[in-house]
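Asker: Have a look at the structure that comes next, please.
The values are calculated or read from the model by the stated rules, or taken from the named source; none is laboratory data. Nothing here was measured: the structure is a model prediction, and the numbers come from that model. Cβ placement follows ideal geometry from the backbone for every residue including glycine, while neighbour counts extend to all protein chains displayed.
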Amino acid sequence: MKRKTGKSICVFSGKGGVGKTVFTLNLAGIYKSIGKKVLIMDLDLSSGGISLATNRPYEKTIYNFVDDYNNNRFHNFKDYITPYNDFIDILASPKDPRQASKIDSKYIEIAIDKAEYLYDVVLIDTNHNLNEMNLVVLDEVSMILFLMTNDPLDLKNMKSLLSIFRDLKKDNYKIILNNARDPMKKYFTLFDMKNIMKANVDYVISNEFYVKNMDAFIMNGEIVTLQSKAANIFNKDYTVLLKIATDILGKEENAHEEESD
């Protein structure tokens with residue numbers, strides 16, 4: 001019998017503050033809407049915000065999984081999971097940031113593997129550092145979603161990041177421009193961005209997806225794309241998120257097409 005394997009997706013960026021956590025949650029909401037079982041892994045180990053943004057009390061974290069696995073106390077992966085609803089579960093980041101340094105990256109590979117067996121989709125939120133832990137995650141997942149904003153520093157960092165990936169001959173990624181994060185920033189046109197990065201911008205989240213009361217959603221532990229009227233209110237961007245979600249599920253590997261001069 002063929003082993004069940006879900007899709008693992010890492011949301012990554014060239015700098016902080018581009019909206020990775022909110023994007024990850026909204027993408028989870030989209031997958032729920034099409035009936036997919038989702039695990040959100042919060043691997044921003046020192047300052048993760050998934051548990052805060054979902055407002056769910058939790059007992060165990062990725063640290064407990066690693067500690068138990070390392071000390072032969074591990075029994076069931078579900079013991080470390082916090083349910084959000086019937087379709088979305090969470091594996092939280094450590095409660096104490098000092099525990100982050102005690103997590104060996106080899107156990108992250110094991111966690112992703114176990115999650116892929118249990119879930120249709122594994123969404124991994126990270127910080128933006130190219131440290132050993134994140135390099136392991138980026139190498140392990142099925143797909144990488146690079147999130148960026150219309151910001152000079154962000155564009156510069158993304159260009160450098162893509163250069164590294166080309167050197168490593170990695171092409172399992174897509175680039176998403178998140179105009180909803182800073183809707184007033186319009187430094188570059190899409191044409192400019194593509195020429196600077198020497199790469200396509202695959203998807204664009206428009207400034208119309210900007211939610212003024214996002215803090216209220218976070219305080220209430222709500223996900224925008226799970227709201228009953230979201231598909232109508234944010235029709236264009238809801239459709240883009242749905243396309244991102246289904247494109248990843250529909251292809252084993254998406255070869256990334258680069259643009260050059």
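Asker: Which residue, of 207, 178, is surrounded by 15 or more Cβ atoms within 10 Å (Cβ to Cβ), touching a Pro at 6+ places or on another chain (Cβ under 9 Å) and polar (S, T, N, Q)? Talk me through it step by step, then tell me what you get.
Answerer: Values: 178 fails: touching a Pro at 6+ places or on another chain (Cβ under 9 Å).
One residue alone meets the criteria, 207.
Asker: Within segment 53-81, which residues are under 27 Å from residue 222 (Cβ atoms) and of a type in the set (Val, Ile, Thr)?
Answerer: Across segment 53-81, the qualifying residues are 54, 61, 62, 81.
Asker: A follow-up question, please. Going through 122, 137 one at a time, which residue ends up being under 17 Å from residue 244 (Cβ atoms) and touching a residue at least 60 places away in the same chain (Cβ under 8 Å)?
Answerer: Details: 137 fails: under 17 Å from residue 244 (Cβ atoms).
Selected residue: 122, the only one of 122, 137 that is under 17 Å from residue 244 (Cβ atoms) and touching a residue at least 60 places away in the same chain (Cβ under 8 Å).
Asker: Go through segment 87-101 and count every residue that is within 20 Å of residue 140 (Cβ to Cβ) and not small (Gly, Ala, Ser).
Answerer: 4
Asker: Going residue by residue through segment 43-53, is there one that turns out to be in contact with a helix residue (DSSP H, G or I) (Cβ under 8 Å, 6 or more places away or on another chain) and more than 30 Å from residue 155 (Cα to Cα)?
Answerer: No, every residue in segment 43-53 fails to be in contact with a helix residue (DSSP H, G or I) (Cβ under 8 Å, 6 or more places away or on another chain) and more than 30 Å from residue 155 (Cα to Cα).
Quick grid of which residues meet (1) farther than 14 Å from residue 9 by Cα; (2) hydrophobic (A, V, I, L, M, F, W, C); (3) surrounded by fewer than 21 Cβ atoms within 10 Å (Cβ to Cβ):
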site	(1), (2), (3)
27	no, yes, no
33	yes, no, yes
39	no, yes, no
50	yes, yes, no
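Asker: Tell me the residue from 116, 132 that is modelled with pLDDT under 95, acidic (Asp, Glu) and either farther than 21 Å from residue 59 by Cβ or surrounded by fewer than 18 Cβ atoms within 10 Å (Cβ to Cβ) (or both), please. Can you show your working first?
Answerer: On the way: 116 fails: modelled with pLDDT under 95.
Residue meeting the stated conditions: 132.
Asker: Which pairs do you get when a residue that is part of a helix (DSSP H, G or I) and at pLDDT below 90, found in segment 181-196, comes within reach of a residue that is among the basic types (Lys, Arg) and loosely packed, with under 13 Cβ neighbours inside 10 Å, reach meaning Cβ atoms under 9 angstrom, with the pair 6+ apart or on two chains?
Answerer: none
Asker: Tell me the helices (runs of 4 or more DSSP H) entirely within segment 1-78 that contain at least 2 residues that are under 30 Å from residue 230 (Cα atoms) and either modelled with pLDDT under 95 or among the basic types (Lys, Arg) (or both).
Answerer: So the answer is 20-33, 50-54.
Asker: Go through (1) among the β-branched types (Val, Ile, Thr); (2) more than 20 Å from residue 11 (Cβ to Cβ); (3) at pLDDT below 95 one by one and return the number of the condition residue 110 breaks.
Answerer: Against the list (1) among the β-branched types (Val, Ile, Thr); (2) more than 20 Å from residue 11 (Cβ to Cβ); (3) at pLDDT below 95, residue 110 comes up short only on (3).
Asker: Condition test on residue 153, is it touching a strand residue (DSSP E or B) at 6+ places or on another chain (Cβ under 9 Å), surrounded by fewer than 17 Cβ atoms within 10 Å (Cβ to Cβ) and touching a residue at least 24 places away in the same chain (Cβ under 8 Å)?
Answerer: Working: touching a strand residue (DSSP E or B) at 6+ places or on another chain (Cβ under 9 Å): no; surrounded by fewer than 17 Cβ atoms within 10 Å (Cβ to Cβ): yes; touching a residue at least 24 places away in the same chain (Cβ under 8 Å): yes.
No, not satisfied.
Asker: Considering only segment 66-88, state which residues are in contact with a strand residue (DSSP E or B) (Cβ under 9 Å, 6 or more places away or on another chain) and crowded, with 23+ Cβ neighbours inside 10 Å.
Answerer: Within segment 66-88, the subset in contact with a strand residue (DSSP E or B) (Cβ under 9 Å, 6 or more places away or on another chain) is 77-78, 80-84, 87-88.
Within segment 66-88, 80, 84, 88 meet the criteria.
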